[in-house]
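Below you'll find the structure, written out as structure tokens, and then a few comments.
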Amino acid sequence: MERSQYDLLEVLDHIEPAELDYQQWLNIGMALDLEGYSVDVWDNWSRRDPGRYHPGECQKKWKGFKGNGSPVTGGTIVQYAREQGWTPPCDPGHALGWEDTISSEEGVFIDRNWVEGKEVREPARFDPAKELIRYLETLFEAGENVGYVVKSWQKDDKWLPADKGSFDRTAGQLIEALSACGGDIGSVLGDYDPQAGAWIRFNPLDGKGVRNDNVTDFRYALVESDSMEIDKQHALIRELELPVACLVHSGKKSLHAIVKVDAADYGEYRKRVDYLYDICRKNGLEIDQQNRNPSRLSRMPGVLRGENKQFLIDTNIGKESWAEWKEWIESVNDDLPDPESLEDVWDNLPELAPCLIEGVLRQGHKMLIAGPSKAGKSFLQIEMCIAIAEGRKWLSWQCSQGRVMYVNLELDRASCLHRFRDVYQAMGIRPEHLDNIDIWNLRGKSRPMDKLAPMLIRRASKKNYIAIIIDPIYKVITGDENSADQMSNFCNQFDKVCTELGVAVIYCHHHSKGSQGSKKSMDRASGSGVFARDPDAMLDMIELELSEEALKQEENKAVCEACKQYLDSHFKWEDDLSQDDLCSSYQMLNYCENKLDVWQWANLQKMVEAARIRARSVTAWRIEGTLREFPKFPAVNAWFNYPVHTIDQVGILSDIEPETEKPLWQKAAEKRKELAQKAKEKKLSSFEVEFANIEFEGRVVPAQELADKLDTSSRTLLSWLGDSNKRKKDLADHYEKYQGADNKMYIRRKEKQGAPDQKNGAV
């Protein structure tokens, strides 16, 4: 008979027989019979409920299924699995396309045929109390209730728990008692049968019972295999890097791995256990499926079981947490493309993405704008939005025309909308394509970028944007911005948006603290270097310190423009003024004073004063580019006159260098000058010290002796006090040379009156 469209063996793994009533259990058997499975499948599955399982019962019931007038199909098994939280891995009715792939091996990365067993050794010194204390300290908080069973009974040569056991004592109470028991754990837990061993529950309870409803934290799951060699189990658990809190030897033929799943509730617990068991099964670790329940008993370390010991092998092995392990598992089977031969594509190279910003950025690529605060980065991005929407130039670069989304994370909605209008007006652009600009206002509603990216993709998927601008990114940064690893993951979210939508993503970030002039553009952005090195293009803004002369020029231009605007609105004046007059604030104001009446002149003066204030508030910026796809462009100098940036067409800013960004030759010259000044100061100081030392001895100061002390020649020393180009004014103003009666040269202090002593032969 044709089986269900699902693999019922796999579906059955997700059904707990203990969760079904008697009729549902029978229905499972009848469905398996109808779908062509053997009674052994039903029997093996039923064993997962040891409390109700009776050997031979399945075989008896199976014989009575034939000829049933109301057949039960495989769909019943699927329905029971769904009710217990199982979801199909895919829609079985979906027809595969020619380019679809079948990924049944997802999550497979271990070939069990090549796994070598890893030996498990019993502890050299078996201390039952310490074993159990270590187990309790690893799994439980001191105030959490622990369930355990020491009483047992034998059924078919198998020892089973005889009752629910104890569940009203805390881990802290047990640890305290065990620490003082002198190794006799029976005095704490109650005596157990050494032939049977003892059991313990690995999740905390509420102290009222031992059912799943009594579990207070769905922290751990049990991974156990009865059908594999111990050494193979051990090796696979290690190879899989399961996030194991405690690994216990059962005392027989299995290991009990207490795995961290850290589920929020029972529903999530079941899904995570299903995923855990599925990965284990696919990689060759044959899991005992009856251990899914969070209240399940596991073997207790620190007790005997026949001739063997139940002991703790290790704690906290594998990945640190469920999240880390799952991320690692998912990364093993990646969806990365295979390498391709250059020869295969050499004659048929793919088309390059069209330019979004000519010579700077392509569509589908990323760009970072970095700069200090008050650089007007947000205004610069709004200017870009407008340039793309209207198909105009942005700064000095032509933009492709198309739709753009501006993601506003910082401004309230009203301020953001008004800012767009203000920039439109300041740029002098007629808003003819406002339908090309969408604004997504998210102030107070922003999410970390890894959460925002899929939301952004969903909203933008059918809008045909060619660019998305995110302002600012500090609002959506996830993780430590100084961590290269975390920031790499953060920047990958922009790649997802670019790839999924085929749009350019533009974002801005602030400079790090301190002076930026001496740094390279790549190193100015705050945080990890990933910020600057990840995007396809980076524009870096650094402020230029304006001289008083430059500010006066801007003030002159502003005053002339204010006068021109006022005259345009009141008079026909063009024939009265020359081109030179139009560029001189003095001539313009003089003309206006004579042309206007008292009231007009007063109004103009107010406009002129406002223009002067605006001109004094203007800032100057140098924009440098680091590009991946295009050659480096010459630095762009721009004014920021709120609310827009304008290119310096005159070239006033081209000669200005950032404070610490001088040419190397200039830096070297200044360094030499600095060293020379220090040397000069040192010589002056040494001269005065050595002169005073000789003078203190009550002697005249011979030039040769003083020169020797200063490690120079007497000729050089005397030239310092002479009239040659070697004269050192600081010394010559206070000291003089003279010839003694012995025809030797000497040095003395000058008289305060400045009159030379001719009697002593001063020259």
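The number of residues in segment 577-615 being among the β-branched types (Val, Ile, Thr) and surrounded by fewer than 15 Cβ atoms within 10 Å (Cβ to Cβ) comes to 2. Only one entry of 657, 661, 688, 670 meets the criterion of being over 29 Å from residue 371 (Cβ atoms) and either modelled with pLDDT under 85 or within 41 Å of the chain's Cα centre (by Cα) (or both), and that entry is 688.
Among the residues examined, residue 343 qualifies as part of a helix (DSSP H, G or I), at pLDDT 90 or above and not aromatic (Phe, Trp, Tyr). If you take just the helices (runs of 4 or more DSSP H) that sit entirely in segment 1-62, which of them hold at least 3 residues that are under 19 Å from residue 270 (Cβ atoms)? Those helices (runs of 4 or more DSSP H) span 8-12. For segment 449-458, enumerate the residues that are surrounded by fewer than 14 Cβ atoms within 10 Å (Cβ to Cβ) and either modelled with pLDDT under 85 or out of contact with any Lys or Arg (no Cβ under 9 Å at 6 or more places or on another chain) (or both). Hits for segment 449-458 are 451, 458. Within segment 215-238, does at least one residue satisfy the condition of being hydroxyl-bearing (Ser, Thr, Tyr), under 30 Å from residue 268 (Cβ atoms) and surrounded by 15 or more Cβ atoms within 10 Å (Cβ to Cβ)? Yes, some residue in segment 215-238 is hydroxyl-bearing (Ser, Thr, Tyr), under 30 Å from residue 268 (Cβ atoms) and surrounded by 15 or more Cβ atoms within 10 Å (Cβ to Cβ). A residue that is under 26 Å from the mean Cα position of the chain (by Cα) and surrounded by fewer than 17 Cβ atoms within 10 Å (Cβ to Cβ) can be found somewhere in segment 336-347. Name the pairs whose Cβ atoms lie under 8 Å apart, with the first residue in segment 416-430 and in the same structural domain as residue 392 (by TED's automatic domain parsing), the second crowded, with 16+ Cβ neighbours inside 10 Å and of a type in the set (Gly, Ala, Ser), and 6 or more positions between them or separate chains? Close Cβ pairs (under 8 Å, with a partner that is crowded, with 16+ Cβ neighbours inside 10 Å and of a type in the set (Gly, Ala, Ser)) amount to 419/378.
Once segment 216-228 is narrowed to residues that are at pLDDT 90 or above and of a type outside the set (Val, Ile, Thr), the residue that is farthest from residue 322 (Cα to Cα) is 224. Can you tell me which residues in segment 263-291 are more than 26 Å from residue 115 (Cα to Cα), among the aliphatic types (A, V, I, L, M) and crowded, with 19+ Cβ neighbours inside 10 Å? Within segment 263-291, 263 is the sole residue that qualifies. So, in segment 620-647, of the ones that are of a type in the set (S, T, N, Q) and at pLDDT 90 or above, which residue ends up surrounded by the most Cβ atoms within 10 Å (Cβ to Cβ)? Among those that are of a type in the set (S, T, N, Q) and at pLDDT 90 or above, it is 637. Which of the residues belonging to segment 690-709 are of a type in the set (A, V, I, L, M, F, W, C) and under 17 Å from residue 749 (Cβ atoms)? Once the filter is applied, which keeps residues that are of a type in the set (A, V, I, L, M, F, W, C) and under 17 Å from residue 749 (Cβ atoms), segment 690-709 yields 691, 692, 694, 696, 700, 701, 703, 706. Among residues of segment 223-250 that are on the phi > 0 side of the Ramachandran plot, those with a beta-carbon under 8 Å from a residue that is buried (at least 21 other Cβ atoms within 10 Å of the Cβ) and modelled with pLDDT of 90 or more at least six positions away or on a different chain give the pairs 241/318; 241/325. Scanning segment 393-414 for residues that are under 30 Å from the mean Cα position of the chain (by Cα) and over 29 Å from residue 359 (Cα atoms) yields 410, 411, 412, 413. Between 118, 151, 158, the distinction of being closer than 26 Å to residue 228 by Cα and over 50 Å from the mean Cα position of the chain (by Cα) belongs to 158 only. All conditions but one from (1) without any contact (Cβ under 8 Å) to a residue 60 or more places away in the chain; (2) within 21 Å of residue 298 (Cβ to Cβ) apply to residue 41; the one that does not is (2). A count restricted to segment 292-329 and to residues that are of a type outside the set (Ser, Thr, Tyr) and surrounded by 18 or more Cβ atoms within 10 Å (Cβ to Cβ) stands at 22. On the basis of being outside any helix (DSSP H, G or I), out of contact with any helix residue (DSSP H, G or I) (no Cβ under 8 Å at 6 or more places or on another chain) and touching a residue at least 12 places away in the same chain (Cβ under 8 Å), does residue 320 make the cut? Criteria met by residue 320. Candidates are the residues of segment 524-562 that are acidic (Asp, Glu) and loosely packed, with under 15 Cβ neighbours inside 10 Å; the one that is modelled with the highest pLDDT is 545. Inside segment 246-277, can you point out the residues that are closer than 23 Å to residue 213 by Cβ, aliphatic (A, V, I, L, M) and assigned to a strand (DSSP E or B)? Residues satisfying the conditions are 258, 259.
Residues that are within 25 Å of residue 500 (Cβ to Cβ) and exposed (fewer than 14 other Cβ atoms within 10 Å of the Cβ) within segment 429-448 comprise 435, 445, listed in sequence order. Restricting to segment 207-234, and then to whatever is over 39 Å from the mean Cα position of the chain (by Cα), in a loop (DSSP other than H, G, I, E, B) and among the charged types (D, E, K, R), can you tell me which residue is nearest to residue 276 (Cα to Cα)? In this case the residue turns out to be 226. Of the residues making up segment 495-523, those that are of a type in the set (Gly, Ala, Ser), modelled with pLDDT under 85 and assigned to a loop (DSSP other than H, G, I, E, B) number 5. The residues listed here are 192, 148; of these, the one that is buried (at least 17 other Cβ atoms within 10 Å of the Cβ), part of a loop (DSSP other than H, G, I, E, B) and either touching a Lys or Arg at 6+ places or on another chain (Cβ under 9 Å) or in contact (Cβ under 8 Å) with a residue 24 or more places away in the chain (or both) is 192.
On inspection, residue 553 passes the criterion of being part of a helix (DSSP H, G or I), closer than 25 Å to residue 395 by Cβ and not assigned by TED's automatic domain parsing to the domain that holds residue 372.
The values are calculated or read from the model by the stated rules, or taken from the named source; none is laboratory data. Nothing here was measured: the structure is a model prediction, and the numbers come from that model. Cβ atoms come from the backbone with ideal geometry, glycine included; neighbour counts cover every protein chain shown.
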